[in-house]
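FYI, it's all coordinate maths here, none of it is from the lab. In this text the structure is predicted, and so the values were computed from the model without any measurement. Glycine also receives a Cβ, built like all others from the backbone with ideal geometry; neighbour counts cover every protein chain displayed.
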Amino acid sequence: MPLLNFDNVDLGHGANIVLPGLTLSFQIGERVALLGQSGAGKSTLLAEIRRRLGNTAAWCPQGHGLVPLLSVYHNVYMGQLERRAALANLFNLIRPRRDAWQAIETLTQELGLEGLLRRPVEQLSGGQRQRVAIARAFYQQREIFLGDEPLASVDPHQALRLLERIQARHATSIVALHQHRLALSHFDRVIGLRDGRVVLDAPARELTLAGLDALYPDAAKTKVEAKDETRDEDRAAPAT
């Protein structure tokens, strides 16, 4: 079933068009990985998808989007902030609601954040903050998961575990990431962006790691230059 469609749409920020003439569609039940270098348009596309889907989609933004001075509990609680009156939310700052505390405690334990509910986010590591952001998205309790590099601050093993938890909770997900192996092994479809254009849109099972490297020409160029420098140093080194 169709989720949403883009039919020759220009996406950007005001007069700055990032993705011109975009034609793309998404289906309910798909797990889609968005790949591409920084500045390729992934965040712009996700922002528009989020706008169109509204409250049907849980959101995990790039850079976590947390409030450093507030505790883990209060940052996760913000996932449902709009569902309650302002006065109730203000009272929760002073005296956390028992039912919310229990639900968030269970959720954070699932993500390896045991014993941290009272700790200010500013005292956490980058990986812990990443998990708090994912916990907040889970607490939104929505059908679809949208993530802008939600695995960027964790090691490969944690990334795998977190992605599996995300997909266990959401049958439909659209996630920007740079982990090519996860894109091939845990997603149905890969969309590749380059210079504001969709240059790849295919089932993950039809793709290879080497094929995905074409989305990152700067990285490939850097590798070639590094090899050339190594060869030059080897030639210049005196014989022993």
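Within segment 185-203, whose backbone N sits under 14 Å from a point 7 Å along Cα→Cβ of residue 210? Within reach of a label on residue 210: no residues. Take every pair of alpha-carbon atoms less than 8 Å apart whose residues are at least six positions apart; their mean separation over the length of the chain yields a relative contact order of 27 percent. Once both labels are positioned 7 Å from their Cα atoms along Cα-to-Cβ, the gap between residue 188 and residue 218 label points is 3.2 nm.
Loop-located trypsin sites (Lys or Arg not before Pro) across segment 30-133 with a Cβ neighbour count of 11 or fewer within 10 Å are 118, with loop assigned by DSSP. Charge dipole of the chain (Cα centre as origin; +1 on each Lys and Arg Cβ, -1 on each Asp and Glu Cβ, all else neutral): 1000 debye, rounded to the nearest 20. Just checking the listed ones, 61, 96, 150: in the Gaussian network model of the chain with Cα springs under 10 Å, the one fluctuating most is 96. Across segment 1-106, the mean sequence separation of Cα contacts (distance under 8 Å, 6 or more residues apart), normalised by length, yields a relative contact order of 17 percent.
When 59, 101 are arranged by Cβ crowding within 10 Å, least crowded first, meaning fewest neighbours, the order is 101, 59. Computed from label points 7 Å out along Cα-Cβ, the spacing between residue 199 and residue 25 is 2.6 nm. Legend: calculated FRET efficiency, residue 83 to residue 51, from the Cβ-Cβ distance at R0 = 22 Å, rounded to 0.05, equals 0.70.
Positive end of the dipole of the chain (Cβ unit charges, origin at the Cα centre): among 94, 47, 80, the Cα lying farthest that way belongs to 94. For the pair segment 94-161 / segment 11-30, the C-alpha centres are spaced 29 Å from each other. Between the beta carbons of residue 125 and residue 164, assuming R0 = 22 Å, the FRET efficiency works out to 0.55 to the nearest 0.05.
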